[in-house]
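The values are calculated or read from the model by the stated rules, or taken from the named source; none is laboratory data. What you are looking at is a predicted structure, and each value in this text was computed from that prediction instead of being measured. Using ideal geometry, Cβ is built from the backbone for each residue, glycine included, and neighbour counts are taken over all protein chains shown. Ligands, DNA and RNA are stripped out before the accessible areas are found, and what is left, the full protein with its side chains, is counted by its heavy atoms. Shrake-Rupley method; radii C 1.70, N 1.55, O 1.52, S 1.80 Å.
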Amino acid sequence: YELVGMLVHSGRTCDSGHYLSYVKSGQRWFKANDAVVTEVSQDIALSQKPYILVYEVAGMKAKHGCDSYHRYHRKEEGRIPSLSTGSAREAASNGGGVRAQSAPPRRD
């Protein structure tokens, strides 16, 4: 399996605070904070304390020629295109060996 995404929570409880995600596309990592998506280094992405981890079967996309992101989003020169909820939902419904798993509870 390959780690491709993480859901991160900041705040004191699950009922308060803010959720954001880190998503891997190719070899690049992106931070999605509401409608703002920015590229971050792998070191920054992997230094988070995630609430939920998202894994994909390693090599599954390449094996089946699937690159669902580019099916639904145009490449824009010099900038990161915005992600729409509908397109993400459609891409997720296409399968691709995606599996979500909760992180174990923290014992601070």
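See the values below:
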quantity: Residues that are touching a Leu at 6+ places or on another chain (Cβ under 7 Å) and over 24 Å from Lys63 (Cα atoms), drawn from the stretch 1-53; calculated: Val8, Tyr19, Ser21, Lys31, Ala32, Asn33, Val37, Pro50, Tyr51, Ile52
quantity: Near pairs, Cβ below 9 angstrom, 6+ apart or cross-chain, from the stretch 34-47 (within 15 Å of Leu3 (Cβ to Cβ)) to any residue that is β-branched (Val, Ile, Thr); calculated: Ala45/Val23
quantity: Test: residue in the stretch 30-43 that is modelled with pLDDT of 95 or more, among the aromatic types (Phe, Trp, Tyr) and crowded, with 16+ Cβ neighbours inside 10 Å; calculated: yes
quantity: Residue check for Ile52: in contact with a strand residue (DSSP E or B) (Cβ under 6 Å, 6 or more places away or on another chain), at pLDDT 60 or above, surrounded by fewer than 16 Cβ atoms within 10 Å (Cβ to Cβ) and among the β-branched types (Val, Ile, Thr); calculated: yes
quantity: The one condition in (1) open to solvent by less than 40 Å² (accessible area, probe 1.4 Å); (2) at pLDDT below 90 that Ser21 fails to fulfil; calculated: (2)
